[in-house]
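As structure tokens, the structure follows; a few thoughts come after it.
The values are calculated or read from the model by the stated rules, or taken from the named source; none is laboratory data. Everything numeric here is computed off the predicted structure, so don't read it as measured data. Methodologically, a virtual Cβ is constructed for each residue, glycine included, from the backbone with ideal geometry; neighbour enumeration extends over all protein chains shown. Heavy atoms of the whole protein, side chains included, go into the accessibility calculation; ligands, DNA and RNA do not. Shrake-Rupley method; radii C 1.70, N 1.55, O 1.52, S 1.80 Å.
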Amino acid sequence: MPEKISGIEKGSRKESLCGETLEQGEYFMAKVAFIEPSCSFNSYGYFRFPLMGTICLGTILKEAGHDVMVFRDSVQSVYDKSKGWLHEALTKVDVVCLSLMTSTAERGYLIADAIKKVAPKIKIIMGGPHPTYMSEEAINHADLVVKGEGEEIILDAVENENLTGIVEGPPVSDLTKYPIPDLSILTEKKLPPRQAPISTSRGCPYDCIFCTVSATFGRKCRFREVGHVIEEIEKRISEGFKKLFFYDDNFAINKERTKELLRRMIRKNLKISWSAESRTDIAKDKELLELMSKANCSTMFIGFESVNPETLAVYNKKQSLDDIKNCIKLLHDHGIRVHGMFVLGSDADDNSTAKETVKFCHEMKIDSAQFALLHPLPGSKLYDILDSQGRIFTKKWSLYDGSHVVFKPLKMTPLELQEKFMYSWKKFYSLMRNPLYFAVSRYILNKWEKANKSAIAELKARFKK
Ligand code: SF4
């Protein structure tokens with residue numbers, strides 16, 4: 001019988017990737033490097049939020065006896081094309097797994113190609129949202145592309161050298177059976193995440209047109225057992241973390257279960273503050289708000305998306321402007337800060353929308369905000385709509401990061417919409433009294449402007465006002 005650790009069967013390979021025959025009872029132990037490639041703009045990057053997928057899959061492999069490292073290219077670059085430099089460790093592993101979003105796909109392909117050039121025997125595996133929807137493209141740079149969820153297939157993907165091509169990772173039925181993510185596999189010891197990431201559920205019953213969550217993880221939500229989540233929070237506290245960030249796409253999708261989690265956190269007197277993402281309907285439940293406040297919720301990241309009611313309808317957001325106003329007021333009444341997330345550029349938005357959005361944020365005293373440009377991610381309904389209308393003018397994936405216009409808006413020129421992005425960030429943070437937020441936003445914007453001079457020049461040349 002194969003040995004089991006945390007419910008996971010250890011590998012059954014008979015030889016290592018280098019061809020060494022293993023003795024009976026010995027298990028194949030691979031050296032595996034996970035990479036999160038960087039993208040040009042990432043407002044979350046400053047806060048050093050790592051992706052959960054690489055850490056969760058890496059932990060499964062580590063518990064099965066493999067040697068695992070997770071590289072975050074945005075924190076510690078792994079490849080410099082201009083200098084022909086590739087991180088040495090990446091040439092000395094058996095397997096490299098790249099987790100790709102659409103905005104990081106091009107960089108991921110570059111890194112994968114560079115590794116293959118130097119060390120052709122290394123098995124390259126790709127997964128994540130972009131390879132899930134663009135698998136035929138990704139396989140040109142990988143030996144194996146895993147579509148969907150990786151947990152059930154990662155051991156076989158690493159241990160079975162004959163598993164190549166494009167495969168489908170089945171959806172995980174029980175999120176509790178996997179080990180608690182081991183953050184020690186992150187390589188950037190000098191720049192660890194400021195907040196401990198934690199994910200307790202998957203899926204979303206809503207169907208916003210720009211989002212791929214429900215298509216990828218399903219509209220029926222799956223949850224980890226509350227006790228398992230509490231165990232993870234206690235582990236993070238023992239590791240010295242003072243803050244948590246719940247990565248769930250909607251922290252309160254099942255309000256009763258969220259309340260149960262919060263009650264347990266309060267009963268156990270867990271000394272850690274936390275933030276989470278949610279919809280405005282979180283504020284419709286008074287008891288939930290009270291529990292959040294008592295359980296040390298510091299900031300809620302809310303997907304307001306727009307202050308234009310027509311845009312909310314176009315996005316299929318199923319929330320009103322009154323919902324947004326009530327949500328901000330009630331969160332503030334409970335001492336919880338509000339981070340507003342907005343998406344500019346719907347077919348109902350015009351040249352006045354960005355100004356109205358910033359004005360609304362100030363009137364409602366939102367504590368912090370981010371303004372993304374609408375972008376059609378492969379796998380989203382928006383992508384199919386705009387593609388069928390011939391309005392997507394570039395499929396340069398590195399521009400699909402929410403800071404670049406990549407399609408023709410209906411009521412503005414692409415250049416005008418691009419200018420609204422800069423305007424929103426500058427105006428909102430220039431009026432803020434918080435000097436730290438002001439400095440950070442300026443730093444991010446200056447960096448963005450410097451890096452995007454040619455992209456803006458191209459947009460100007462192509463789409464004059
Ligand atoms: S944007 Fe949020 S609410 Fe809408 S489908 Fe995506 S995860 Fe669900």
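Applying a threshold of 7 Å to beta carbon distances and a minimum spacing of six or more residues, or different chains, the list of pairs starting in the stretch 311-324 at a residue that is under 15 Å from residue 346 (Cβ atoms) and ending at one that is β-branched (Val, Ile, Thr) and more than 14 Å from the ligand (Cβ to nearest atom) reads 321/307.
Residues that are in contact (Cβ under 8 Å) with a residue 24 or more places away in the chain, open to solvent by 40 Å² or more (accessible area, probe 1.4 Å) and among the polar types (S, T, N, Q) do occur in the stretch 253-261, at least one of them.
Identify all residues within the stretch 299-353 that are in a strand (DSSP E or B), surrounded by fewer than 18 Cβ atoms within 10 Å (Cβ to Cβ) and away from the ligand (no atom under 15 Å from the Cβ); write none if there are none. Correct list: 337 only.
Keeping to the stretch 243-261, report how many residues are assigned to a strand (DSSP E or B) and within 16 Å of the ligand (Cβ to nearest atom). Number satisfying all stated conditions: 2. Total residues in the stretch 441-456 satisfying the condition of being polar (S, T, N, Q) and surrounded by fewer than 18 Cβ atoms within 10 Å (Cβ to Cβ): the figure is 2.
For the stretch 162-183, the candidate set comprises residues that are of a type in the set (Gly, Ala, Ser) and surrounded by fewer than 15 Cβ atoms within 10 Å (Cβ to Cβ); within that set, the residue that is nearest to residue 219 (Cα to Cα) is 173. Of everything listed in (1) without any contact (Cβ under 8 Å) to a residue 40 or more places away in the chain; (2) over 18 Å from the mean Cα position of the chain (by Cα); (3) open to solvent by 20 Å² or more (accessible area, probe 1.4 Å), the single unmet condition for residue 213 is (2). Within the stretch 383-401, being touching a Leu at 6+ places or on another chain (Cβ under 8 Å) and outside any helix (DSSP H, G or I) holds for 392, 400. Could you list, in sequence order, all residues of the stretch 186-206 that are over 14 Å from the mean Cα position of the chain (by Cα), open to solvent by 30 Å² or more (accessible area, probe 1.4 Å) and within 16 Å of the ligand (Cβ to nearest atom)? Those that are over 14 Å from the mean Cα position of the chain (by Cα), open to solvent by 30 Å² or more (accessible area, probe 1.4 Å) and within 16 Å of the ligand (Cβ to nearest atom): 205, 206.
Among the conditions (1) of a type in the set (Lys, Arg); (2) buried (at least 19 other Cβ atoms within 10 Å of the Cβ); (3) away from the ligand (no atom under 16 Å from the Cβ), residue 121 misses just one, which is (2). Annotation note: of 143, 182, 207, 156, the sole residue that is under 19 Å from residue 246 (Cα atoms) and of a type in the set (D, E, K, R) is 182. Count of the stretch 264-298 residues, restricted to those that are more than 26 Å from the chain's Cα centre (by Cα) and within 16 Å of the ligand (Cβ to nearest atom), is 1.
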